[in-house]
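All of the numbers you see were taken from the coordinates with simple rules; none came from a lab. Not measured: the values here are computed from a predicted model. Note: ideal-geometry Cβ built from the backbone for every residue, glycine included; neighbour counts use all protein chains shown.
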């Protein structure tokens, strides 16, 4: 096993990395806005809405993501709905990301002091403007670092899409492993591919966190 | 889906719980070592510990599981699927629980340790009587939350053939075509397993706060 062969493995996994990034970006682009909606609606005055959101969030956080993936990929066919691997993965990851992000956004919204709302009331801002110009910008500053952290976790979790034959890094690595029988170096190559994204990304998030908390 | 099929799936809970509890217990002990190394007085130990923690956390658990199960077998170290799952999750749990302990230590404050030293407590006494009781109190909710995460992670063991719940649901789904029933059923069991832990955490936390009269 020489370094050049090993590097060849890493290169063969790069198309899988691109697929993993695609899945992450699509799920976050759908999941985070959904989470903002959930975070607001979970305190809705209309009870059925509150319950539905609560169930969506608790199930999204309480089930293993693997089970969510299987529910869409192997479960829906029972209802004669057949989704592609990509569609199943997007549904499952969006649900999961939305559920976890809802909790982050909700606690950030709550952490904005009641004095802010009172002050906004006192200067006569409407509810909508209060949320838009007073609450949301302050909550965003608190929510951004954990949301970025969650994004890194979601990227790592794309490895699970391997079980439904979505051709991300692990799917490619497993295929390469069975082809070459060099499981150990191949999976180390997969580890290197993930780490090459997550380590710089984590450093970046730490930097952003420091910057955002500067004047808090 | 008939009752015997559901019963077959439900029996997988034994493996699910075994993986979760064993990995958690080993991780809870290993975490002490990780936390100790992270705050060691010797700089090289701190640097190495930090590197190992960052490395383990930067790679998805599924990759570590495959390295242990498929990769090490190739090097002649053969473990059963169950053993591989325990080894992988125990190492990962040690790292995460170690970081949780470290957070608890930081919250403890240097004054406690200085005071204990000044009254001449030995190192084991310092750890057992001063540090541990206070750190356990602050970190137990985070540990329980991590435990619930571990319960969900244990589903990964299905990918290497441990016959836990998710594995069995997958088998049933492929044999009967009733995947929705099978996976909804295991989903409910996961929720039922994690619910009491959540409730217990809140009670434990409340009781400890009462006992030690801290706000």
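Test of understanding: in a Gaussian network model of chain A with alpha carbons linked when under 10 Å, which of A:12, A:126, A:168 would top the mean-square fluctuation ranking?
A:126
Cβ neighbours within 10 Å, averaged per peptide: list A:181-187, A:68-74 in order, most packed at the top.
Details: A:181-187: 21.0, A:68-74: 25.7.
Final packing ranking: A:68-74, A:181-187.
In what sequence do A:7, B:185 fall when counting other Cβ within 10 Å, fewest first?
A:7, B:185
Just the number: Rg to Rh for the stretch A:3-212, Cα atoms, Kirkwood Rh, two decimals.
1.07
In whole Å, largest first, what are the principal axis extents of the Cα atoms in the stretch A:97-216?
Principal-axis extents of the Cα atoms in the stretch A:97-216, largest first: 70, 30, 15 Å.
Alpha carbon centre of the stretch B:1-32 versus the stretch A:49-119: separation in Å?
24
Express in whole angstrom the spacing between the alpha-carbon centres of the stretch B:128-153 and the stretch A:172-193.
35
What order do you get for A:13-21, B:95-103 when each peptide is scored by the mean count of other beta carbon atoms within 10 Å, highest first?
B:95-103, A:13-21
If packing is taken as the average count of other Cβ atoms within 10 Å, what order do A:97-103, A:133-139 fall into, highest mean first?
A:97-103, A:133-139
What is the mean number of Cβ atoms from other protein chains located within 10 Å of the Cβ atom of each residue in peptide A:151-161, rounded to a whole number? Show your work: numbers first, answer last.
Values: counts 0, 2, 2, 0, 1, 7, 3, 2, 9, 6, 0.
Across the residues of A:151-161, the mean count of other-chain Cβ atoms within 10 Å is 3.
Once you have a ≥ b ≥ c as the square roots of the Cα gyration tensor eigenvalues for the stretch B:13-164, tell me rounded if a/c is under 1.5, and otherwise prolate or oblate according to whether a/b is larger than b/c.
prolate
Using only the Cα atoms of the protein assembly as shown, build the gyration tensor, take square roots of its eigenvalues as a ≥ b ≥ c, and label the shape rounded, prolate or oblate: rounded if a/c is under 1.5, else prolate if a/b is larger than b/c, else oblate.
Rounded is the answer for the protein assembly as shown, as its axis ratio a/c remains below 1.5.
In a GNM of chain B with a 10 Å cut-off on Cα contacts, which of B:38, B:78, B:123 has the highest mean-square fluctuation?
Maximum among the listed residues: B:123.
Helix B:179-212 versus the longest principal axis of chain B: what angle, 0 to 90°, nearest 10, using Cα atoms?
Relative to chain B, helix B:179-212 is tipped by roughly 20 degrees.
GNM on chain A, C-alpha springs below 10 Å: top fluctuator among A:157, A:204, A:86?
Sorting by GNM fluctuation, first place goes to A:204.
Average partner chain C-beta neighbours within 10 Å, per residue of A:68-79?
6
Round to the nearest 10 and give me the degree value, 0 to 90, for the angle of helix A:136-157's Cα axis relative to the longest principal axis of chain A.
Here the helix axis deviates by roughly 20 degrees.
To test your reading of the geometry: what angle, between 0 and 90 degrees and rounded to tens, separates the Cα axis of helix B:43-58 from the longest principal axis of chain B?
Rounded to the nearest ten degrees, it is 20.
Once you average over the residues of B:185-196, how many Cβ atoms of partner chains fall within 10 Å of each Cβ?
Partner-chain Cβ atoms within 10 Å, mean over residues of B:185-196: 3.
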